[in-house]
Amino acid sequence: MRLRCGNLNLACLYAPNCCSGNFKESDEFKQMTAQLGRLQEEVGWLHQTVKTMQTEPARFSSGGDRVMSHGHGTPTIAPSPSHSSASFNRNDGSKYGSFRGPTSMAFSLDVANTTINNMGYKGISDEENVHMNEGAGTMSSRPGDPLHEFDKDEMVRLCRLHEEEIGIMYPVLNIQTVISHAKSLSTYLESVRQQNPRELINDDKTLQLKIIMCCALVVEDHGHSDKAIRLFDSMETVLNRKLMAEAADVGTLPILALVAGYRFLSNDEILAWRVMGHVARLCLELGIHQRTGLMRIHDEEERKNALVSFWSAYVLDRRWAFATGLPFVVQDEEIDSQLPFPEEYPYLVAMITYSRIGAKVWRQVAHFGPILARDVRSEELENVDQELLQWYEQIPEEVKVRNWDKEKHITSTPSYNLQRLRIWTYLRLNQMRIWLYTPVLHSATSIMAHPAQSERVVDIAKDTIRYLSHLNNTTNLYRRVQVFYHQFLTSAIAVVFLASVHAPVRFSSNCREEFYMALELVKDLSAKSWASQRLWRTIRSLKDVAPRFGLNPEDDPQSTAALGMIGLARGHIDQQQGFRKPSVPGQQSSSTSDSVAQNGSRIQAEMSRMFEGYVGLNGFQYNENDQGQGQGQASNTEVSDPQSGMYGLDGTVFAQFKEMY
């Protein structure tokens with residue numbers, strides 16, 4: 001540089017040293033250092049989050065991270081994905097499939113696959129279930145916490161709705177405490193709403209509020225709510241971390257129990273079973289199943305919530321075990337006999353003793369596979385049934401139903417909430433007895449071998465249908481909270497249909513009225529409800545084996561005429577139509593809202609055709625040969641011959657209907 005300046009006759013000028021000590025004191029250096037520090041913190045947090053998520057089940061994994069909230073402090077902002085991948089776009093498939101126990105509503109599809117494929121017809125593919133979620137599209141998330149979409153009155157209303165519909169059964173939280181937090185939080189939300197804040201609020205009290213709102217929203221919308229999805233997505237990563245990664249904490253048990261409830265109300269019983277199983281394990285880890293462990297909790301309200309959370313997990317773990325056919329977690333011998341019951345909640349206490357008897361029912365039926373030759377142990381079934389009846393006699397009088405058919409108006413009782421507890425207790429008694437006697441309906445052979453038990457389970461199913469119809473005609477309870485009642489309806493329909501198909505001479509005529517009464521109840525069925533999806537899967541399954549009955553599953557003039565003749569001969573004079581390919585909701589474009597609105601009516605029409613087809617053709621054929629036999633007598637023609645091809649290779653269509661239990 002100096003040589004060049006000399007050659008050009010120029011004075012040498014030197015720039016100041018940019019790396020002098022003074023630069024570290026400059027604002028630019030401080031800003032850069034702070035930014036690098038923040039980036040390092042975010043990278044470290046993301047690294048820890050990824051490690052945590054890798055330890056969680058694939059079903060809980062999320063496509064993006066939300067927010068990490070430290071206790072009750074200020075939330076930390078994290079990148080938010082463009083849409084939910086865990087709640088909304090979740091992949092239910094597993095590389096190796098999943099186990100489905102014999103009591104599950106999905107077990108029959110596995111059995112039916114083998115039977116139908118052996119018959120040379122298309123099996124039932126799990127891929128068909130994927131279509132049920134198509135057409136919903138991808139939801140784009142909005143910036144900021146979805147709580148900003150709700151004002152104070154709406155948050156309070158949803159809290160009270162949750163207490164009326166869910167908290168009355170499983171009161172894991174003091175709803176007044178949650179409402180108080182909602183009111184104070186709404187003041188803050190209103191003050192910052194104009195600033196379009198982007199942070200997510202996920203402290204423990206707000207998590208309680210959010211999950212309660214989620215449950216209320218899906219109850220109100222019969223299983224699917226876009227608002228509930230957005231709310232849940234905003235806290236899902238935090239909830240999953242509490243469930244799977246963080247140390248067990250008594251204070252989080254009520255929140256996590258409500259997460260399981262939300263999964264059930266959102267039509268995913270498998271996730272409900274899985275989450276509630278984790279909650280039960282957390283209770284065991286904390287020692288709440290022992291009196292000494294419970295008494296170590298010093299705060300009285302926290303101890304009360306922990307006790308209710310444990311017993312709620314105990315009850316629901318077993319309930320969803322029956323629904324999924326998967327084992328329950330908590331064994332009775334592990335629970336301290338001195339552990340107190342939540343005596344102030346008589347319904348929950350009744351469900352605890354009910355669940356204990358349910359374990360005996362489980363031992364009777366859980367390993368009862370599709371092998372029809374297995375002997376049904378009548379004496380053991382009778383003993384467990386007597387225990388169930390004694391249980392109902394011993395529960396508090398205020399939660400019993402007496403002579404429901406003489407009640408003209410259910411709302412005339414002093415307590416509306418208490419009346420709903422009576423309804424649910426009575427329906428659960430019938431449900432457990434149906435589960436107990438279901439093996440008797442496996443085939444016509446077992447029906448003939450156990451006439452008293454088969455008559456009993458059919459009478460129980462008919463009583464359930466009539467009671468639900470009574471509720472529908474006298475109250476708005478059935479239409480208001482469909483998800484709580486359709487589980488009872490679908491199993492009752494399955495019992496009536498199975499009995500009528502396997503023993504048409506004995507059952508078809510005296511079950512027809514209840515069958516069509518039940519179909520009236522599905523007319524308003526939401527296309528997105530789990531009950532609707534099960535009914536459609538059963539319809540598809542029956543259509544695949546329809547040719548074995550001489551029925552054409554497509555619209556065929558001969559089938560239409562035959563069904564019409566049978567309907568007239570059976571006294572059902574409604575115009576019969578041929579078997580038509582079911583137009584499955586979810587396979588339709590989202591623009592065809594009118595088609596989705598008619599979902600229940602189409603299910604009603606398809607099930608009606610199948611009843612007149614399977615039962616009508618079968619019974620019509622037999623009547624000519626069995627006119628001399630009385631209604632109560634068993635007919636040898638009711639025993640299907642596996643070689644005749646009238647049924648599946650195992651001589652039954654039980655597989656097509658066990659999905660509905």
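Quick rundown of the values:
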item: Too-long pairs where the Cα-Cα distance tops 21 Å, listed order kept, from Lys183/Lys210; Lys304/Lys400; Lys183/Lys304; Lys152/Lys210; result: Lys304/Lys400; Lys183/Lys304
item: Label zone at Arg157, where the point sits 7 Å out along the Cα-to-Cβ direction: the range 231-247 residues whose backbone N lies under 19 Å; result: 231
item: Estimated inter-spin distance, Glu246 and Glu149, nm [label 7 Å along Cα→Cβ]; result: 2.5
item: Estimated FRET transfer efficiency (Arg281, Asn417; beta-carbon r; R0 41 Å; 0.05); result: 0.85
item: Length released on extending from Asp299 to Met32, taking residue separation times 0.36 nm less the Cα-Cα span; result: 91.4 nm
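Quick note: the coordinates plus some simple rules give every number you see, no bench work behind them. What you are looking at is a predicted structure, and each value in this text was computed from that prediction instead of being measured. Note that we place each Cβ from the backbone using ideal geometry, even for glycine, and neighbour counts take in every protein chain shown.
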